[in-house]
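The values are calculated or read from the model by the stated rules, or taken from the named source; none is laboratory data. This one's a predicted model, so the numbers in the text were calculated from it and none came from an experiment. In this analysis, Cβ positions are derived from the backbone assuming ideal geometry, glycine residues included, and neighbour counts consider all displayed protein chains. These accessible areas exclude ligands, DNA and RNA; they are computed on the full protein's heavy atoms, side chains included. Shrake-Rupley method; radii C 1.70, N 1.55, O 1.52, S 1.80 Å.
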Amino acid sequence: MQLTWEQARRVRARRQHLHEASRGASAAAIARDLFGLQSQEWPSAQLAIHARSRDLTQADVIHAREIERAFALTWSLRGALHLVAAEDLQLQLARCGPPAVRGARSRYQQLGLSEEVRERALEAIEDILRGGQALTRPQLAEALEARGIPVAGQAIHHLVRFAALRGLICLGAEVDGDLTYVLLDEWLPMAKAAPYPDDPLLEFARRYLAAASPATMADFKRWSGLGAASVKAAWKEVAAECAPVALPDGEGLMLEQQIDAPAESSPAPTVRLLPRYDNYLLSHERRAFMVADAYAKRLHPGGGLIRACVIIDGEAKANWKLAKRRASLRVVVEPFEPLDPAILPALEAEVESLGRFLNTNADLRLDGG
């Protein structure tokens, strides 16, 4: 099978629940189907769920995390913050935790966080939080400092990230707008009870392809953060369940069960407001499939920043941002090129949907383009 970028992005958008026919029914289902939702900005993660759902609200997403506890907000893939379904947490931490910790060793040394110090910090954190305690980062830092653990500067960030990658803690409820830290086994006890796959590497690659195919091995490596040997082993195993796909940037794979109508187009354009650092923008090594070269810097200006964008049938066509008004929100859209007027009704509908998600009124303003 051979796909153009237009065909590939339609398939990838559908796999990511960004096509009208594939929108998810619940926040938990979206996090599970994507095998982790990028969440280095918690508000952006909430908007990412909106882009993939029909009738959910921000309150529904918060309820799913804080009350239902269907997923955890913690460091996993690539050592970055993600929303991870409870049943997937063991697998992700077991495979992603060790390489992420190894990758931070030089930074630990720079901050005076030797292995001995980090192990003492784990013991202290467990003792401090045991019994259902939930502390903000400054509160936890103060408690650790009182026990002789270095927390100055970036040290506290790396200590809590280390504790999360080791499966000790995750992020808990918000208190006055600040996220707290809690013990994972108290916050999400069902995570350890979830069955662990017999072949974890195969499961890892299978779940990635279910959410992001067609994809190449380089895409899988970039997304997962696994070591080169693990990536090669996983890709070799999953290939037996896949069909090869020729893409403009190399040969990829699709799970056999996904090969239905990859080039099928929608009768009407699908417009989505993707937040910063959205999964769709980070699931592949290269972004040529989703944005024209002339506008790549509008999406990825450098320094690790991934900007919010409007996608139309999976292709980035504009940047967008929220502007607060006295009693409402304004979605300011900055097109890369003038938008086809036929797109505007779908864009306005998506803006209105975002307002409902945020329980406010929202209107559209087009700037430039």
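Data overview
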{"item": "Residues satisfying the stated conditions in segment 340-368, i.e. farther than 29 Å from ILE62 by Cα, open to solvent by 40 Å² or more (accessible area, probe 1.4 Å) and not small (Gly, Ala, Ser)", "result": "ASP340, PRO341, LEU344, PRO345, LEU366, ASP367"}
{"item": "Count of residues meeting criterion [in contact (Cβ under 8 Å) with a residue 40 or more places away in the chain and either closer than 13 Å to ARG287 by Cα or under 22 Å from the mean Cα position of the chain (by Cα) (or both)] in segment 212-246", "result": "15"}
{"item": "Evaluation of ALA246 against (1) buried (at least 17 other Cβ atoms within 10 Å of the Cβ); (2) in contact with a Leu (Cβ under 8 Å, 6 or more places away or on another chain); (3) more than 30 Å from SER76 (Cβ to Cβ) (one fails), failing number", "result": "(1)"}
{"item": "Residue match in segment 171-182 (condition: modelled with pLDDT of 95 or more, among the small types (Gly, Ala, Ser) and touching a Gly at 6+ places or on another chain (Cβ under 8 Å))", "result": "no"}
{"item": "Candidates ASP293, ASP340, ASP313, filtered to the one that is in contact with a Pro (Cβ under 7 Å, 6 or more places away or on another chain) and at pLDDT below 95", "result": "ASP313"}
{"item": "Residues (open to solvent by less than 10 Å² (accessible area, probe 1.4 Å) and either under 21 Å from GLY79 (Cα atoms) or within 8 Å of the chain's Cα centre (by Cα) (or both)) located in segment 27-37", "result": "ILE30, ALA31, LEU34, PHE35, GLY36, LEU37"}
{"item": "Residue match in segment 88-100 (condition: open to solvent by less than 20 Å² (accessible area, probe 1.4 Å), in contact with a Leu (Cβ under 6 Å, 6 or more places away or on another chain), under 21 Å from CYS309 (Cα atoms) and hydrophobic (A, V, I, L, M, F, W, C))", "result": "no"}
{"item": "Near pairs, Cβ below 7 angstrom, 6+ apart or cross-chain, from segment 180-192 (in contact (Cβ under 8 Å) with a residue 12 or more places away in the chain) to any residue that is of a type in the set (Lys, Arg) and assigned to a loop (DSSP other than H, G, I, E, B)", "result": "LEU183/ARG130; TRP187/ARG69; LEU188/ARG69"}
{"item": "Matching option when the condition is assigned to a helix (DSSP H, G or I) and open to solvent by 20 Å² or more (accessible area, probe 1.4 Å), among ALA239, ALA164, ALA234", "result": "ALA239"}
{"item": "ILE128 being buried (at least 18 other Cβ atoms within 10 Å of the Cβ) and in a loop (DSSP other than H, G, I, E, B)", "result": "no"}
{"item": "Residue list for segment 1-26, filter: among the aliphatic types (A, V, I, L, M), open to solvent by less than 20 Å² (accessible area, probe 1.4 Å) and either assigned to a loop (DSSP other than H, G, I, E, B) or over 16 Å from LEU209 (Cβ atoms) (or both)", "result": "LEU3, LEU18"}
{"item": "In segment 67-87, the residues that are surrounded by fewer than 24 Cβ atoms within 10 Å (Cβ to Cβ), closer than 16 Å to ARG222 by Cα and of a type outside the set (A, V, I, L, M, F, W, C)", "result": "ARG78, GLY79"}
{"item": "Selected residue [open to solvent by 60 Å² or more (accessible area, probe 1.4 Å), at pLDDT 95 or above, part of a helix (DSSP H, G or I) and of a type outside the set (Asp, Glu)] from ALA64, ALA59, ALA45", "result": "ALA59"}
{"item": "Long-range neighbours under 9 Å by Cβ, at least six apart or interchain, first residue touching a residue at least 60 places away in the same chain (Cβ under 8 Å) within segment 151-172, second surrounded by fewer than 24 Cβ atoms within 10 Å (Cβ to Cβ) and among the hydroxyl-bearing types (Ser, Thr, Tyr)", "result": "PHE162/TYR108; LEU171/THR180; GLY172/THR180"}
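Condition check ((1) open to solvent by 40 Å² or more (accessible area, probe 1.4 Å); (2) in a helix (DSSP H, G or I); (3) at pLDDT 95 or above) across all residues:
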position: ARG206; (1), (2), (3): yes, yes, yes
position: SER230; (1), (2), (3): no, yes, yes
position: GLU251; (1), (2), (3): yes, no, no
position: GLU264; (1), (2), (3): yes, no, no
position: ARG286; (1), (2), (3): yes, no, no
position: PHE289; (1), (2), (3): no, no, no
